[in-house]
1. Might you let me know whether region 57-68 holds any residue that is without any contact (Cβ under 8 Å) to a residue 40 or more places away in the chain and aliphatic (A, V, I, L, M)?
2. Would you please name the residue that is nearest to Leu183 (Cα to Cα), looking only at residues in region 125-155 that are part of a strand (DSSP E or B) and among the polar types (S, T, N, Q)?
3. Among the residues of region 185-201, write down those that are of a type in the set (A, V, I, L, M, F, W, C) and surrounded by 12 or more Cβ atoms within 10 Å (Cβ to Cβ).
4. Given the conditions (1) within 26 Å of Phe118 (Cβ to Cβ); (2) free of Cβ contacts under 8 Å to residues at least 12 places away in the same chain; (3) of a type in the set (A, V, I, L, M, F, W, C), which single one is not true for Phe191?
Amino acid sequence: MKTVGQIIRAGRLKRSLSVEQLSHLTKIDAKYIMALESDLYSGLPSETFAKGFIRNLSQRLSLDSDELVAIFRRDFREPELTRTSKAHRRTLFPKVSSQLFPFAVGGLVFVIYLIFQFRTILTPPKLEISRPSSASVLISPVEIEGDTSIDATISINEDTQVSPDSSGRFLARINLPIGENTLEIKSVNRFGRSTVKKLAIIIISK
């Protein structure tokens, strides 16, 4: 079914009248005519004035004023009911959201915790060797110093194990034969993930 605005606009165009011309004939401000034609009832001063505008325009355009007013009443009140319903839902929503907020926060914290745990499980431990450096020429015994995760265990050439301190620092002394040696330093965390570094060094004496 056509709206009031569609019927008024069709009647105006049928008589080849512009909005300004129709405004001059009816003494109705052009902005109200455009609001009616666009069915923008919020742009009208009030329901009573709107009905008066419709009757005046209907007379000028030879339209059925009673029919247009009836259509206007239907269309004017339906948006009001819709707005009331939306407002009612908005008043209920904050109550529901405030009740759910602690659960939402708790759920978010739990998800972040799980992500952190999975990342910890999947990520190998860090392993940084501060000394000796690769290709060093040294005297045995050799001091091996570095940094790793605090929950890791360090093994050197698979036969020497050392645990890091509370900051992750570790220090070990091992005897090596004269000549070229390869140090294999392995850090294994509590989840079995490991990081390995190899250093080639030369021992010239003991």
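The values are calculated or read from the model by the stated rules, or taken from the named source; none is laboratory data. Source: prediction; values computed, not measured. No Cβ is skipped: glycine too gets one built from the backbone with ideal geometry, and neighbour counts run over all protein chains shown.
1. Checked against the condition, which is being without any contact (Cβ under 8 Å) to a residue 40 or more places away in the chain and aliphatic (A, V, I, L, M), region 57-68 yields no hits at all.
2. Going through the qualifying residues, I end up with Ser155.
3. Within region 185-201, Ile185, Val188, Phe191, Val196, Leu199, Ile201 qualify.
4. (2)
Here's the yes/no breakdown for (1) under 14 Å from Val4 (Cα atoms); (2) of a type in the set (D, E, K, R); (3) surrounded by 16 or more Cβ atoms within 10 Å (Cβ to Cβ); (4) in the same structural domain as Thr3 (by TED's automatic domain parsing):
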| site | (1), (2), (3), (4) |
| --- | --- |
| His24 | no, no, no, yes |
| Asp29 | no, yes, no, yes |
| Asp39 | yes, yes, yes, yes |
| Thr48 | no, no, no, yes |
| Lys51 | yes, yes, yes, yes |
| Leu61 | yes, no, yes, yes |
| Asp64 | yes, yes, no, yes |
| Leu68 | yes, no, yes, yes |
| Arg74 | yes, yes, no, yes |
